[in-house]
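**Q** Here's a structure for you.
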Amino acid sequence: MENSNNLSTTAVVNSTGDYSPPRSAPNRASTIVSLIKMFCKGASVISGAYLFGVYGISSSWLLMGLVLWMVRENHLKKKQERIAHNKAAVANEKVAVLAKLEDLPSWVYFPDVERAEWVNKILHKMWPYIGHYVEDLLRTKVEPSVRESLPSYLRSFRFEKIVLGDMPPRIGGVKVYEENVGRDEIIMDLEILYSGDSNFLVGVKGFKAGIKDVQLHGKLRVIMKPLVKQIPFAGGVTVFFLSCPAIDFNLTNLADVLDIPGLSDILHQAVLDQLSALMVLPNKIYVSLVEDVPLRLLKFVPPTGVLRIKVIAGKDLKKADVGMFGLGSSDPYAVVKVGSQEFRTSVVENSINPQWNYYCEAVVDQVEGQSVLIDIMDKDPSSKDDFLGRISLNISTLIAEGRSCAWHRLQDIKTGKINVDITWLALSEDPESLHAEVMYTKSLSSKTSLSSALLLVFVDSAKHLPNASQAASEPSPLIELTVGANKVCTSVKPNTNDPVWEENFHFLMANPENEEVVVQVKDEKSEKPLGHCVIPTNFLLKEKGLQLDQPFFLKDSGSESQIILMLHLKILKSQTTAAERPEAEVSEEKDDSVQEEDKGKEEVSKTSDVVPPSLEDVVLSTVTPVLDSAKVSKEVLDESIRHRGFVSTTSTEEKELPKVQLTLRYSMQRNKLIVVVHKVVNLPYKDEDGLPDPYVKVYLIADSKETKQKTHVCQNTANPVFDETLEYVVNSADLSSYTLDVSVNSKQGNYVFTRGKELGKATIDLSIIDLNKAHTEWFNLKTKED
């Protein structure tokens, strides 16, 4: 009998594999109650309409209220559906996956990510005890701290309810890194999925506000370093999110009035900002496990380098603001994200081909598993900004290339490309290279102040700080650091004259030879200064290893007041200096098309052999300047060259063949084959037809399946430069069975249905190419004459 009763409330999977939520047997009493509720709702609506008519109130108010109610109900309905699915996934992953195949965990997509069901089972057993620990921690530590930080009239703050619920978080997959990892560290990524039945309620002065149904999905990195010879064999653990996780929740009680579109977005963003400040790169949580390993050793870890990103332009973006007769445009801007660092370009109004030429620089703490995300948005003052597409670039690939300048097709959208120039800047301790880097950064941009150095500041502690006044109690000090226009603050250490912070900060500097670090110590309670000091950064250039680790005495403070800092300067070093760059690339006044072509040529020359000029080109370059003054046309010159026998005298071996240069690479993380079409040379054409308008079509073929993509069209050239990236979704296990057919065509006429004329074709067998790393090569094109 007990089993039969339980069956009425159990979730089931029907014959089609769909997930059905728990069902209960029909109840006559509940049916009557529901009818009464429906009657009351209907009566209230009719009564409200009657009162509106009696008192002569405008019906527009009723209509406005109805619209707001419908928007809120629709918003809550979507959220409840999402919460129900996530809870089903936590309760029974297999059933939820069958119900919604598009939300598969990471171990399905990535072969190097492993399942960790044994960890989930242990976590499920431990969750009740973790709940008791968290409740005790919040009541004994967090609640008094929050109460003390609030104004006096809000000191009644307390946690009314703390319930973690019965559903623990799940680990969707685990990836342990084996390459590019030090001998004394272990690095792993955990896919965290939490959709629990937690419920928190706080009260202040009789008012109550709560939060429930918290959901979180993100990639958590765990670093165990250094490895030691004693239990637990790891000196410390560092935990952080590589990028902002996806967070959602429901509000209860008084806070429920904020759960409407617009206000809820502001609240969610505030929660994300707080989480980012806590544990999204470059912010981390450090835990020391062995007494012999100081926490300072874990916290003061220099970054890997800096990415200098230039968002140049967009092309053929989606028309988000549609006008009359299908005409429309967009007001696009770009958002660049690296970890918790976010940069925004200006808004270009009424354009689907915007020019930004925007520079930004992002400090990179972790290389493996991290990406540069660039979202293209349409500015809409009256509503939420529209999404126009995004690109994701793997940082480890960018470092291997050194510099990448190319057009990228936007993802998650049907149309649009973006041109991005990204340079990797390594960290150096050679002060002799500073002057060259300063000159190089100045030559890149006259509008934007670019960086030549990175200053790392570790705020350790302060000693013997004075009280704010003779009658005041112990201060609650914080430190304010200022370098140029950048200002940051440490956390507040309540009621102490000898605070310990152990916090990390970094500052990008244009020229450390003439900048300084301004340190101000303030009392948070009285907002009065407790002392200050100024440290010129050119002192570091004279120190061994470009670093200082010492106490600094404070001015306008106590006689023994001092602050202990560690300062470390790193010189940013790119692969090329300004003297080695061509003049065309340094100038920002040049025409954009010429600038892009020069960049494409320079990018290709890094990874491939240079194609030698033909004899005809040599003659043309020699004779043309002489004949320019006589205004001799190129056609006459070409005819003269042919009559003199220059073309016919070349042997078959020396004759230039049409070629296409491609870079092929497979991304394991994204399950995509990436094909970069750099350029094509020596395309055949007839004088009477004129120069071709070439474009490249790339077919990915396996058995009967075929996927086609093509580049943009280059006008009037036999040596086009594309530098365009094409991407194909391919399973890594099936990659060796595919071939690439590359066809170079010339556009004919301006008609939509006109088929292009084929100028050359190449077939590439992917089974003989190592695609785990970027492979750049020239491929000969076969023409119909061949």
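The values are calculated or read from the model by the stated rules, or taken from the named source; none is laboratory data. Because the structure is predicted, anything quoted here is derived from the model rather than measured. Cβ placement follows ideal geometry from the backbone for every residue including glycine, while neighbour counts extend to all protein chains displayed. Quick note on the areas: whole protein, heavy atoms, side chains included, nothing else; ligands and nucleic acids left out. Shrake-Rupley method; radii C 1.70, N 1.55, O 1.52, S 1.80 Å.
**Q** Can you confirm whether segment 154-174 contains a residue that is under 24 Å from LEU272 (Cβ atoms), open to solvent by 30 Å² or more (accessible area, probe 1.4 Å), part of a strand (DSSP E or B) and among the β-branched types (Val, Ile, Thr)?
**A** Yes; the residues of segment 154-174 include at least one that is under 24 Å from LEU272 (Cβ atoms), open to solvent by 30 Å² or more (accessible area, probe 1.4 Å), part of a strand (DSSP E or B) and among the β-branched types (Val, Ile, Thr).
**Q** Let me ask you something else. Name the pairs whose Cβ atoms lie under 8 Å apart, with the first residue in segment 215-230 and over 21 Å from GLY369 (Cβ atoms), the second of a type in the set (Asp, Glu) and part of a strand (DSSP E or B), and 6 or more positions between them or separate chains?
**A** GLN215/ASP248
**Q** Would segment 503-515 turn up any residue that is within 35 Å of the chain's Cα centre (by Cα), closer than 23 Å to SER561 by Cβ, surrounded by 19 or more Cβ atoms within 10 Å (Cβ to Cβ) and modelled with pLDDT of 90 or more?
**A** Looking for residues that are within 35 Å of the chain's Cα centre (by Cα), closer than 23 Å to SER561 by Cβ, surrounded by 19 or more Cβ atoms within 10 Å (Cβ to Cβ) and modelled with pLDDT of 90 or more, one finds none in segment 503-515, hence no.
**Q** Touching a strand residue (DSSP E or B) at 6+ places or on another chain (Cβ under 6 Å), over 20 Å from GLU516 (Cα atoms), modelled with pLDDT of 85 or more and outside any loop (DSSP other than H, G, I, E, B), is that true of LEU455?
**A** No, not satisfied.
**Q** Pick from LYS757, LYS710, LYS747, LYS705: which is modelled with pLDDT under 90 and touching a Gly at 6+ places or on another chain (Cβ under 6 Å)?
**A** Answer to the selection: LYS747.
**Q** Under the condition of being more than 36 Å from the chain's Cα centre (by Cα) and surrounded by 13 or more Cβ atoms within 10 Å (Cβ to Cβ), which residue from segment 694-718 is nearest to VAL742 (Cα to Cα)?
**A** Result: ALA718.
**Q** Consider ILE563 carefully, then state whether it is open to solvent by less than 20 Å² (accessible area, probe 1.4 Å), touching a Phe, Trp or Tyr at 6+ places or on another chain (Cβ under 6 Å) and either of a type in the set (Ser, Thr, Tyr) or under 30 Å from PRO475 (Cα atoms) (or both).
**A** So ILE563 fits the description; yes.
**Q** Next question, about the same structure. I want to confirm something. Restricting to segment 468-481 and keeping residues that are open to solvent by 60 Å² or more (accessible area, probe 1.4 Å) and of a type outside the set (A, V, I, L, M), which single residue is modelled with the highest pLDDT?
**A** GLU474
**Q** How many residues, within segment 145-167, are in contact with a Gly (Cβ under 7 Å, 6 or more places away or on another chain), within 24 Å of LEU193 (Cβ to Cβ) and not hydrophobic (A, V, I, L, M, F, W, C)?
**A** 1
**Q** Among the residues of segment 296-314, which ones are of a type outside the set (Gly, Ala, Ser) and open to solvent by less than 50 Å² (accessible area, probe 1.4 Å)?
**A** Within segment 296-314, LEU298, LYS299, PHE300, PRO303, VAL306, LEU307, ARG308, ILE309, LYS310, VAL311, ILE312 meet the criteria.
**Q** Could you tell me whether segment 415-423 includes any residue that is under 30 Å from LEU298 (Cα atoms), of a type in the set (Lys, Arg), in contact with a strand residue (DSSP E or B) (Cβ under 8 Å, 6 or more places away or on another chain) and in a strand (DSSP E or B)?
**A** No, there is no match, as no residue in segment 415-423 is under 30 Å from LEU298 (Cα atoms), of a type in the set (Lys, Arg), in contact with a strand residue (DSSP E or B) (Cβ under 8 Å, 6 or more places away or on another chain) and in a strand (DSSP E or B).
**Q** Going by the conditions given, is VAL729 out of contact with any Asp or Glu (no Cβ under 6 Å at 6 or more places or on another chain) and modelled with pLDDT of 90 or more?
**A** So VAL729 does not fit the description; no.
**Q** Within segment 482-500, can one find any residue that is part of a loop (DSSP other than H, G, I, E, B), polar (S, T, N, Q) and open to solvent by 40 Å² or more (accessible area, probe 1.4 Å)?
**A** Yes, some residue in segment 482-500 is part of a loop (DSSP other than H, G, I, E, B), polar (S, T, N, Q) and open to solvent by 40 Å² or more (accessible area, probe 1.4 Å).
**Q** Can you pull out the residues in segment 516-529 that are open to solvent by less than 30 Å² (accessible area, probe 1.4 Å) and of a type outside the set (A, V, I, L, M)?
**A** Answer for segment 516-529, where residues must be open to solvent by less than 30 Å² (accessible area, probe 1.4 Å) and of a type outside the set (A, V, I, L, M): just ASP523.
**Q** Right, here's the next one. When you go through (1) over 30 Å from VAL293 (Cα atoms); (2) open to solvent by less than 50 Å² (accessible area, probe 1.4 Å) one by one for VAL222, which number turns out not to apply?
**A** Here VAL222 clears every test but (1).
**Q** When you check VAL142 against the structure, is it open to solvent by less than 90 Å² (accessible area, probe 1.4 Å), modelled with pLDDT of 85 or more and either aliphatic (A, V, I, L, M) or within 20 Å of ASN199 (Cβ to Cβ) (or both), yes or no?
**A** no
**Q** May I pose another question? If you check ILE130, ILE211, ILE122, which single one turns out to be under 28 Å from VAL293 (Cα atoms) and not in a loop (DSSP other than H, G, I, E, B)?
**A** From the options ILE130, ILE211, ILE122, the qualifying one is ILE130.
**Q** Quick one: count up the residues across segment 333-348 that are assigned to a strand (DSSP E or B) and either among the basic types (Lys, Arg) or touching a residue at least 12 places away in the same chain (Cβ under 8 Å) (or both).
**A** Result for segment 333-348: 9.
**Q** Among the numbered conditions (1) at pLDDT below 85; (2) under 25 Å from PRO294 (Cβ atoms); (3) of a type in the set (Val, Ile, Thr); (4) open to solvent by 50 Å² or more (accessible area, probe 1.4 Å), tell me where VAL181 comes up short.
**A** (4)
**Q** GLU191 - would you say it is within 28 Å of ARG82 (Cα to Cα), assigned to a strand (DSSP E or B), in contact (Cβ under 8 Å) with a residue 24 or more places away in the chain and open to solvent by 50 Å² or more (accessible area, probe 1.4 Å)?
**A** no
**Q** Of the residues GLU527, GLU474, only one is under 38 Å from the mean Cα position of the chain (by Cα) and in a loop (DSSP other than H, G, I, E, B); which?
**A** The match here is GLU527.
**Q** Look through ILE352, ILE413 and report the one residue that is open to solvent by 20 Å² or more (accessible area, probe 1.4 Å), touching a Gly at 6+ places or on another chain (Cβ under 6 Å), closer than 25 Å to LYS710 by Cβ and not hydroxyl-bearing (Ser, Thr, Tyr).
**A** ILE413
**Q** Just to be sure, is LEU478 more than 24 Å from LEU434 (Cα to Cα) and either out of contact with any strand residue (DSSP E or B) (no Cβ under 8 Å at 6 or more places or on another chain) or among the aliphatic types (A, V, I, L, M) (or both)?
**A** yes
**Q** Give segment 225-241 a look and list any residue that's open to solvent by 10 Å² or more (accessible area, probe 1.4 Å) and either within 30 Å of GLU81 (Cα to Cα) or within 15 Å of the chain's Cα centre (by Cα) (or both), or say none.
**A** PHE241
**Q** Let me confirm something: among TRP127, TRP118, which residue is surrounded by fewer than 13 Cβ atoms within 10 Å (Cβ to Cβ) and of a type in the set (A, V, I, L, M, F, W, C)?
**A** Result: TRP118 is the single residue among TRP127, TRP118 that is surrounded by fewer than 13 Cβ atoms within 10 Å (Cβ to Cβ) and of a type in the set (A, V, I, L, M, F, W, C).
**Q** Here is a follow-up. Here's a check for you: in segment 376-403, which residue that is under 27 Å from ASN504 (Cβ atoms) and hydrophobic (A, V, I, L, M, F, W, C) is surrounded by the fewest Cβ atoms within 10 Å (Cβ to Cβ)?
**A** ILE399
**Q** Which of the following residues is surrounded by fewer than 18 Cβ atoms within 10 Å (Cβ to Cβ) and either among the hydroxyl-bearing types (Ser, Thr, Tyr) or within 30 Å of LEU771 (Cβ to Cβ) (or both): LEU373, LEU425?
**A** Exactly one residue qualifies, and that residue is LEU373.
**Q** What's the number of the condition SER330 fails, among (1) open to solvent by 30 Å² or more (accessible area, probe 1.4 Å); (2) at pLDDT 85 or above; (3) over 24 Å from ASN394 (Cβ atoms)?
**A** SER330 satisfies all of (1) open to solvent by 30 Å² or more (accessible area, probe 1.4 Å); (2) at pLDDT 85 or above; (3) over 24 Å from ASN394 (Cβ atoms) except (1).
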